[in-house]
Structure formats: structure tokens, C-alpha cells
1. Can you report the number of residues in region 46-64 which are assigned to a strand (DSSP E or B) and open to solvent by less than 30 Å² (accessible area, probe 1.4 Å)?
2. Do we find a residue being part of a loop (DSSP other than H, G, I, E, B), open to solvent by less than 20 Å² (accessible area, probe 1.4 Å) and in contact with a helix residue (DSSP H, G or I) (Cβ under 9 Å, 6 or more places away or on another chain) anywhere in region 24-37?
3. Taking region 5-19 only, how many residues are touching a residue at least 60 places away in the same chain (Cβ under 8 Å) and either under 13 Å from PHE136 (Cα atoms) or under 16 Å from the mean Cα position of the chain (by Cα) (or both)?
4. Taking region 104-135 as the search range and keeping residues that are touching a residue at least 12 places away in the same chain (Cβ under 8 Å) and of a type in the set (D, E, K, R), which one is surrounded by the fewest Cβ atoms within 10 Å (Cβ to Cβ)?
5. Of all residues in region 155-202, how many are touching a residue at least 40 places away in the same chain (Cβ under 8 Å) and over 25 Å from LYS127 (Cα atoms)?
6. Scan region 136-169 for residues that are assigned to a helix (DSSP H, G or I), of a type in the set (Gly, Ala, Ser) and open to solvent by 40 Å² or more (accessible area, probe 1.4 Å) and jot them down.
7. Taking the conditions exactly as written (part of a helix (DSSP H, G or I), open to solvent by 10 Å² or more (accessible area, probe 1.4 Å) and either of a type in the set (A, V, I, L, M, F, W, C) or in contact with a His (Cβ under 8 Å, 6 or more places away or on another chain) (or both)), does VAL86 satisfy them or not?
8. How many of the residues making up region 68-78 are within 10 Å of the chain's Cα centre (by Cα) and outside any loop (DSSP other than H, G, I, E, B)?
Amino acid sequence: MTTLVKLNEQIIKCKRCPRLASYIRQVAKQKVKRFNNQRYWGRPLPGFGDLKAQLLLIGLAPAAHGGNRTGRMFTGDSSGDWVAKVLYENGFATKSTSMQLGDGFSLINAYITAAVKCAPPQNKPLKEELDNCSSFLKEELAILKNVRVIVCLGRIAFDSCCKLLHIKGAKFAHGKTLEYGKLFIISTYHPSRQNTQTGRLKWNQWSAIFSKAKRIIDDDR
């Protein structure tokens, strides 16, 4: 636990990427009208969850007005709504909504992080920004020794995971499962509005990903 706390402190203080550091501060000051009265987190955002987790979720990055506002990954935005609900339905969370810190939402046997710890402009991190953050993801995976299943939310998360584990030639596809030693890596479309509102990602497809993850973990017990 001490090791993870120290890592998260390093993440919060990180200024490796000037473009991202500037952007998240700018967003925290300018805000959007619906959150104008709220104080934004506006710093690099560490992951959170159960230190003994068997399930690891890797997202792209905090949302500018989601995690970058609330101070918790997948909290306070539409993607977070999908994540919280599916985790709760499969026994990985204490409640079905994740709105803000102190709302009673916590993870059970699961941990959530992202390939990039700062919200990038237009949700598009640069290659060097992904590279700069990769050491944090590597350390998280080393600390989370019980991880059995990694669910990658979107192509960038999948590519980052494969690069970290030195898996070559793997192509992203929704629902695809790779076995790597003791790990199962499952890829899914990201639950962004762009995917959920257009029907590219339907709830039954999304739910099936986590049912599969739960089966793998349950079978391992």
C-alpha cells in the first residue's frame, strides 16, 4: 500500500508533458457552465481501487470535465456511468453510480487506471505523452500482483498494454481476448458518447465483456 501511495504522489506531481499540464490547468480555470461553481481537480490523476484486485481496467485518459474535475477516474461523466453500472452488476463495485468523491462508490477486486494520467485536448494524446506515462502504468501493474484480467477500453489503451507487456502484432478488436502468461487481456470499444450514442457500442456488448472477465476470475478460484 505504501508503494502505491508513493507512486500516486509522483503521478499527481508529474509535469513531464508541458502541453497536458497546461491544458488541464486551463480547463480547471475556464470550466464549463454546468460545473462553473465546482472546484476542478486540474492535476494528473492516479488510478484507484482494490490493491489486491484481480481485474484491472485501463482507459485512455481522464475526461476533461469528468475525472479532471472530480479527482477520480471515470467519475462524473457518461463514460463513468457505463463503467460504474457494469462493474456493480458484476460484483466489482459497491454501487451503480460514480458521481463524485465521497459518494460511497468503491471498487471490489478491481482497479481502474489509464494509459495517460492527464486529460488530453480532444482526447488525443501525442505519442511522446503516451511514452512519458508508460512508466507509471508499468509500475502500477508491478504493484498490482494479483491481476488476472486486464480490460482495455479502446485501441490506445490496448496498444499501450501490449507495448508494456512486449506483445507484438496484436490487433485491436472489440471482444478479443489474448492470453499472456497468467493474464487474460480483453479489449473493448471505449464507452465514450461517440461510441454509445451512435450504437457502435451497445449495452449487451459492453456487459458481455465484464461477464467474461468475471467468469475467468471465478474459474480461477
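The values are calculated or read from the model by the stated rules, or taken from the named source; none is laboratory data. The model shown is predicted, which means the values in this text are computed figures rather than measured ones. Glycine also receives a Cβ, built like all others from the backbone with ideal geometry; neighbour counts cover every protein chain displayed. Quick note on the areas: whole protein, heavy atoms, side chains included, nothing else; ligands and nucleic acids left out. Shrake-Rupley method; radii C 1.70, N 1.55, O 1.52, S 1.80 Å.
1. 5
2. Checked against the condition, which is being part of a loop (DSSP other than H, G, I, E, B), open to solvent by less than 20 Å² (accessible area, probe 1.4 Å) and in contact with a helix residue (DSSP H, G or I) (Cβ under 9 Å, 6 or more places away or on another chain), region 24-37 yields no hits at all.
3. 5
4. Here the answer is GLU128.
5. 1
6. ALA142
7. no
8. Going through region 68-78 one residue at a time, the tally reaches 0.
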